[in-house]
1. Can you confirm whether Ser147 is over 31 Å from the mean Cα position of the chain (by Cα) and open to solvent by less than 80 Å² (accessible area, probe 1.4 Å)?
2. Among the strands (runs of 3 or more DSSP E) lying completely within the stretch 115-230, list those that include at least 2 residues that are of a type in the set (Gly, Ala, Ser).
3. Hey, among Gln188, Gln103, Gln138, which residue is of a type outside the set (Gly, Ala, Ser) and out of contact with any strand residue (DSSP E or B) (no Cβ under 7 Å at 6 or more places or on another chain)?
4. Kindly indicate whether any position in the stretch 207-216 is out of contact with any Leu (no Cβ under 8 Å at 6 or more places or on another chain), open to solvent by 30 Å² or more (accessible area, probe 1.4 Å), touching a residue at least 12 places away in the same chain (Cβ under 8 Å) and at positive phi.
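The values are calculated or read from the model by the stated rules, or taken from the named source; none is laboratory data. In this text, all values refer to a predicted model and were calculated from it rather than measured experimentally. Cβ atoms come from the backbone with ideal geometry, glycine included; neighbour counts cover every protein chain shown. What goes into the accessible areas is simple: the full protein's heavy atoms, side chains included, and nothing from ligands, DNA or RNA. Shrake-Rupley method; radii C 1.70, N 1.55, O 1.52, S 1.80 Å.
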Amino acid sequence: MSSIRNSRARLLPAAAAVAFAAFSLTACGGGSADDDARPSGASSPSASSHALPSSHHDAEQVASGSKAAAGDTATVAAGKRNARTSAGKAVTCQGSNTRTEAQLLNRPANHMLLTVTNTSNSTCYLYAYPAVRFGEAQSVPPAIEASKPQAVVTLAPGERGYASVNLSSADGSGGDGHVEKSLTVYFQGRTPDEDVPAGAHPSLPAEGVYIDDSLKVTYWQQSLEDAIKW
């Protein structure tokens, strides 16, 4: 009996020690189930509310970059539009932006055709009539007033305008007849005081052309038919 009591006496402190240890583990490990359920690396609401997600920040940077690129594109497009407008502005036709050719005609007799081609990238206007100078003449011949068109001749790039020159009288009644081998064609501006410095120097036949004091020219015409009917 005494040995049994002694065994019980020894077991009681041991059991108490085990119970105390279990209680301590439970108290120190409180909420361990919640910790196991929480995703690894999760942060508290207060911490996350102050942090801007990197994906949102990147999206803002991309949007900002897109706006800047769109602004640059618009600027370039505006510049191109302005350049096109400037390049397309109509100007006065003259020797520097056209090519002028002179051709003797069989019919009408004693006539020469002037053909002006717009060689520029802009529309140009052929105002009034050609001021032609044969050789070293000190004056230019008059224009046939009846040939004046209703509108100014307008040449888009590549288009042609025409005028004819009555070189001499058909019946030989003109005086001071002689041969000339060089020709200069001067252009006129919209107003008499507009300076149009660049003339044209179309070539003439090697034998020259015969002119007399009946020399006169037509106004510039939009069509060949209108130019040679005078």
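1. Answer is yes for this residue.
2. Output list reads 124-134, 160-166.
3. Matching residue, one of Gln188, Gln103, Gln138: Gln138.
4. Looking for residues that are out of contact with any Leu (no Cβ under 8 Å at 6 or more places or on another chain), open to solvent by 30 Å² or more (accessible area, probe 1.4 Å), touching a residue at least 12 places away in the same chain (Cβ under 8 Å) and at positive phi, one finds none in the stretch 207-216, hence no.
Table: residues versus (1) over 31 Å from the mean Cα position of the chain (by Cα); (2) open to solvent by 80 Å² or more (accessible area, probe 1.4 Å); (3) at pLDDT 95 or above; (4) of a type in the set (A, V, I, L, M).
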| site | (1), (2), (3), (4) |
| --- | --- |
| Gln94 | no, no, yes, no |
| Leu113 | yes, no, yes, yes |
| Ala137 | yes, no, no, yes |
| Gly158 | no, no, yes, no |
| Ser182 | yes, no, yes, no |
